[in-house]
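Following: one structure in structure tokens, then a few remarks.
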Amino acid sequence: MTLSLASLGSVAVQPPPYDPAGIAPGILHFGPGAFHRAHQADFIDRLLASDPRWGIVAVSLRSAGVTDALAAQQGLYTLTIRDAVPARRVIGAVRGWLGPGREDDVAHWLADPRIRLVSATVTEKGYCLDAEGRLDWSHPDIVHDLGAGQRPRSLVGWLALGLAVRRAAGVAPFAVLPCDNLPENGRRLAVAVIAFAARRDADLAAWIAGEARFANTMVDAITPASDDRLRAEATAFGDAVPVQREAFAQWVVEDVLPKHGPDLAAVGVAVSNDVAAFERMKLRILNGAHSSLAYLGLLRGRSSVAEAMADPALAEFVRALVVRDITACVGAPAGFDLPGYVESVFRRFGNPAIVHRLDQIAIDGSKKLPYRLIATLGIAARQGRPLHRLLLPIAGWMRWLQQQASAADVADPLAATLWAAARAETEAVPAFLAMPFLFDADTAAMPMVRAALATAWASTADRQSLEAALRRFADDTGFL
Ligand code: CS2
């Protein structure tokens, strides 16, 4: 059996709250991986019950697995909630699916006036930004996309193409909604697309700058990769691409979307003028703690977040890191309940219904740690605050890299450079501090930073030293 519109009545899963056949396309989405399908598509699914104009056309030009399965299942798939109150329902929001080879159709949809929103979950590296957060002109996809007459490879190239076609046809621009974990994702993407367009057509760049809206967003829902258990359960409904997440899901979107757009607030999206503060807190507290649990947990033989949280030395260390160091530098907005937020994050990490693998979180460290931990380190260093706790997970990442058998075992766009640097034991600390995509020159040059990273690096050399450091750092409040 394969999940389909016809099978909806006979499978024991809650169907969408509307008839999927009556939905019109309104959103084109790049990157329909598990996170998009478990998070944004769930919000849109609930919206479709009252406004059928916002069906999603899902684009995955690099891998066919998800789009092929969605095609076979008429766009339907199941979302399983793993939490104190478990739940499962069919999501019908994805009404179009464009896989590899469908580039012409992507261009066609981008030009279609019914598409009013273009969203993306392409991970941090999919934005092709440099160390300063601006478009990386040397990125191979950007070099390719600037060549004449080819179909783009990058998100930036596609957005510029789509906006150019709309301008030429006299169609209003779509609004852009990036949904990846990087600060000021909308602003950064706007700057990148405008810079890219300007290399070809100054008038187009000016039109984009004046007319197109790019919203900053913050997305949050713990979404473990689909695993064997989930897939086994989903065979009962004929679903080859099920997704799972915790019950909690938050989506904060900057209040810049055009009038007559989707009423996202009606389905629980927080529409705000200060997305940057939400993003900063989520990235530095939740994601900063996540990456710390991941690298230090893997070094201690743990495999999931819940296992890492059940390791007292590690859990107490990460709690001290968040409470004493990260929250002190995070710049929470006035009136924000920071202790309450921290408690809710740790509660979510302890969710026993979810198996969230640490090696999933460990992916792409070079693209994540600058926003998650190193930004806090820079502030703490400038304020003369203690640095030893902040540097321990960074050293843990370096040690974890060193322990991989080869660069090919590291999932990171900079795997070869990182792995080679971590293998050179005595040179590793200066080599990492000299990487401009990780540390800004001022922070890297500070003697306290160099000394504390060297100490942290030595503390990760073997299990006993790490155990001792975790215990000592969880207790002390002083400087090294
Ligand atoms: C995680 C995030 O994989 C990771 O790096 O830290 O995906 C995290 O689960 C989400 O950002 C939670 O919203």
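The values are calculated or read from the model by the stated rules, or taken from the named source; none is laboratory data. Just so it is clear, the model here is predicted, and its values are computed rather than measured. Here Cβ is always computed from backbone atoms with ideal geometry, including for glycine, and neighbour counts include all displayed protein chains. The accessibility values were calculated without ligands, DNA or RNA, using every heavy atom of the protein model including side chains. Shrake-Rupley method; radii C 1.70, N 1.55, O 1.52, S 1.80 Å.
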Kindly list the number of the only condition in (1) open to solvent by 20 Å² or more (accessible area, probe 1.4 Å); (2) free of Cβ contacts under 8 Å to residues at least 24 places away in the same chain; (3) more than 16 Å from the ligand (Cβ to nearest atom) that fails for Val256. (2)
Condition check: in a strand (DSSP E or B) and modelled with pLDDT of 95 or more. Does Leu177 satisfy that? yes
Hey, could you check region 339-359 for residues that are open to solvent by 60 Å² or more (accessible area, probe 1.4 Å) and within 12 Å of the ligand (Cβ to nearest atom) and say which is farthest from Ala247 (Cα to Cα)? Asp359
Selection from region 180-192 of residues open to solvent by 20 Å² or more (accessible area, probe 1.4 Å) and part of a loop (DSSP other than H, G, I, E, B) yields Asn181, Pro183, Glu184
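Consider Ile208 carefully, then state whether it is in contact (Cβ under 8 Å) with a residue 24 or more places away in the chain and in contact with a helix residue (DSSP H, G or I) (Cβ under 9 Å, 6 or more places away or on another chain).
So Ile208 fits the description; yes.
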Check on Ala458, touching an Asp or Glu at 6+ places or on another chain (Cβ under 7 Å), open to solvent by 10 Å² or more (accessible area, probe 1.4 Å) and part of a helix (DSSP H, G or I): no
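Scan region 208-237 for residues that are in a loop (DSSP other than H, G, I, E, B), hydrophobic (A, V, I, L, M, F, W, C) and within 16 Å of the ligand (Cβ to nearest atom) and report the count.
Total satisfying the criteria: 3.
So is Phe248 at pLDDT below 95 and within 13 Å of the ligand (Cβ to nearest atom) or not?
No; evaluated as a whole, the condition is false for this residue.
For region 259-297: of the residues being away from the ligand (no atom under 15 Å from the Cβ), assigned to a helix (DSSP H, G or I) and at pLDDT 95 or above, which is nearest to Asp42 (Cα to Cα)?
Within region 259-297, the match that is nearest to Asp42 (Cα to Cα) is Val267.
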Candidates Ala420, Ala411, filtered to the one that is within 16 Å of the ligand (Cβ to nearest atom), in the same structural domain as Phe346 (by TED's automatic domain parsing), open to solvent by less than 60 Å² (accessible area, probe 1.4 Å) and more than 28 Å from Arg324 (Cβ to Cβ): Ala411
Looking at region 133-143, is at least one residue at pLDDT 95 or above and either within 17 Å of the chain's Cα centre (by Cα) or within 16 Å of the ligand (Cβ to nearest atom) (or both)? no
Glu307 meets each of (1) open to solvent by 40 Å² or more (accessible area, probe 1.4 Å); (2) free of Cβ contacts under 8 Å to residues at least 60 places away in the same chain; (3) within 16 Å of the ligand (Cβ to nearest atom); (4) within 20 Å of Leu387 (Cβ to Cβ) with one exception, condition (4)
Could you tell me whether region 193-211 includes any residue that is touching a strand residue (DSSP E or B) at 6+ places or on another chain (Cβ under 8 Å) and open to solvent by 60 Å² or more (accessible area, probe 1.4 Å)? no
Boolean, Ala381 is part of a helix (DSSP H, G or I), closer than 22 Å to Thr460 by Cα and at pLDDT 95 or above: yes
I'm told Gly335 meets every condition in (1) part of a loop (DSSP other than H, G, I, E, B); (2) in contact (Cβ under 8 Å) with a residue 40 or more places away in the chain except one. Can you identify the failing condition by its number? (2)
